[in-house]
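Written out below as structure tokens is the structure these notes cover.
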Amino acid sequence: MSIVHNVGIADMKIAKDPDTLITYALGSCVGICVFDSKLKIGGLAHIMLPYMPSTSSYNSTKLKFADTCIPFMLTEMEKLGCSRMRMAAKIAGGAKMFEVEGESSIGNIGERNISAVREILKKERIKIFAEDVGLNYGRTVSFEVEGGAMQVRSYAKPLKIL
Amino acid sequence: MSIEKLDQLGDMYIDVLRELGNIGSGNAATSLSTLLNTAIDIGIPSVKIVDINEAACLLGGPENIVVGILAKVSGDVDAMVMFIIDEQFARLVLENLLHQTFEGCANLTQLQISALSEVGNIMISSYVNSIAEMASLKMKLTVPAISVDMVGAMLCVPSIEIGEVSDQVIFIEDDILSQEGLTSKILLVPSIESLNKIMHGLGLEVL
């Protein structure tokens with residue numbers, strides 16, 4: 001029986017065929033789906049911010065930041081036998097939900113998240129196969145581990161399957 | 001000593017924040033009532049200290065579609081304020097204000113969007129101004145921005161901007177109710193440092 005695993009905010013989960021991973025309402029956050037097509041194992045991460053501050057005195061979860069979450073997910077997948085050579089990524093999110101005048105930093109988070117995710121995946125040598133990023137609307141991402149299809153659901157917009 | 005973590009906030013401070021919310025929403029409700037020429041009530045404010053994950057689940061679940069109007073507060077206090085209305089409340093506002101038929105949030109016209117933004121602006125301004133006056137603080141507002149989308153995606157914005165790297169956020173949540181029992185909400189999300197300034201402004205020393 002296939003199970004739907006709910007991935008929260010600043011969270012990451014790995015699942016096997018025939019399960020589905022889902023994360024709701026990505027705003028400026030980015031959802032990163034990575035899968036190994038041979039083993040049919042997939043991971044979905046929901047990051048909020050690009051980089052973990054080095055001087056952080058907060059005991060924040062590493063799953064919150066792209067630069068700490070993505071490598072962690074890849075390592076966890078490797079522990080299950082996945083190979084980096086076969087891993088492919090699909091990403092969604094990084095929107096600018098509000099156009100606040102004179103406050104460019106508010107809108108920038110999404111953009112900064114997207115470029116950090118791209119940079120980190122490149123560094124980890126994982127190719128991005130599909131993207132649905134930016135613009136100004138929220139996205140719910142569900143990721144079918146079996147075929148590696150990423151479904152993106154948004155309000156008042158047609159469903160996208162990438 | 002000052003508040004450095006949200007779990008340090010004792011009941012007394014929570015009560016103070018609730019009272020602030022009450023004053024803010026009372027004034028905002030009066031503005032809305034005048035604007036729409038209808039009776040508007042307020043509920044009992046609630047103060048919630050939540051995880052980022054819980055924050056997205058407030059207000060009907062992450063995928064609940066709402067109209068959100070957001071402004072950033074600067075000056076003495078760093079905070080974000082959001083006025084959140086659902087489809088039915090939007091209908092009430094637009095039909096009272098514009099005397100136009102409303103065909104759902106997916107089909108808002110430019111005029112309707114700007115009317116809703118303006119209502120949000122009025123609500124947020126009267127809310128923030130009354131709090132600023134009471135706590136003798138300077139609170140400057142940006143021009144509000146509007147979004148019609150999943151509430152979870154919107155609530156991420158104050159969580160990230162104000163919570164930054166901390167894992168918890170404080171929400172002061174106020175219900176504004178119409179005669180028909182429709183609910184809208186004003187959310188105030190202050191930074192931790194700002195909480196200290198608010199308490200100080202009210203003459204309370206944080207112990």
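Tell me yes or no: at least one residue of the stretch B:40-51 is under 21 Å from B:Ala145 (Cα atoms), part of a loop (DSSP other than H, G, I, E, B) and either open to solvent by less than 30 Å² (accessible area, probe 1.4 Å) or without any contact (Cβ under 8 Å) to a residue 12 or more places away in the chain (or both).
Scanning the stretch B:40-51, I find no residue that is under 21 Å from B:Ala145 (Cα atoms), part of a loop (DSSP other than H, G, I, E, B) and either open to solvent by less than 30 Å² (accessible area, probe 1.4 Å) or without any contact (Cβ under 8 Å) to a residue 12 or more places away in the chain (or both), so the answer is no.
Can you confirm whether A:Ser37 is at pLDDT below 95 and surrounded by fewer than 19 Cβ atoms within 10 Å (Cβ to Cβ)?
yes
What strands (runs of 3 or more DSSP E) lie completely within the stretch B:105-207 and have 3 or more residues being within 14 Å of chain A (Cβ to nearest Cβ) and either of a type in the set (Asp, Glu) or open to solvent by 30 Å² or more (accessible area, probe 1.4 Å) (or both)?
Output list reads B:145-150.
Could you list, in sequence order, all residues of the stretch A:60-81 that are open to solvent by 10 Å² or more (accessible area, probe 1.4 Å) and either within 14 Å of chain B (Cβ to nearest Cβ) or in a loop (DSSP other than H, G, I, E, B) (or both)?
The answer is A:Ser60, A:Thr61, A:Lys62, A:Leu63, A:Asp67, A:Thr68, A:Leu80, A:Gly81.
Assuming B:Asn27 fulfils every condition listed in (1) touching a strand residue (DSSP E or B) at 6+ places or on another chain (Cβ under 9 Å); (2) in contact (Cβ under 8 Å) with a residue 40 or more places away in the chain; (3) buried (at least 19 other Cβ atoms within 10 Å of the Cβ) apart from one, which condition is it?
(1)
If I ask for residues that are more than 30 Å from A:Met12 (Cβ to Cβ) and more than 17 Å from the chain's Cα centre (by Cα), which ones from the stretch B:34-57 would you list?
Matches in the stretch B:34-57: B:Thr34, B:Leu35, B:Leu36, B:Asn37, B:Thr38, B:Ala39.
Output yes when any residue across the stretch B:79-89 is under 20 Å from A:Lys96 (Cα atoms), assigned to a helix (DSSP H, G or I) and without any contact (Cβ under 8 Å) to a residue 40 or more places away in the chain, and no when none is.
no
The values are calculated or read from the model by the stated rules, or taken from the named source; none is laboratory data. Computed from a predicted structure; not experimentally measured. FYI the Cβ positions are ideal-geometry reconstructions off the backbone, even for glycines, and counts take in every protein chain you see. Please note that ligands, DNA and RNA were not included when accessible areas were found on the heavy atoms of the full protein model with its side chains. Shrake-Rupley method; radii C 1.70, N 1.55, O 1.52, S 1.80 Å.
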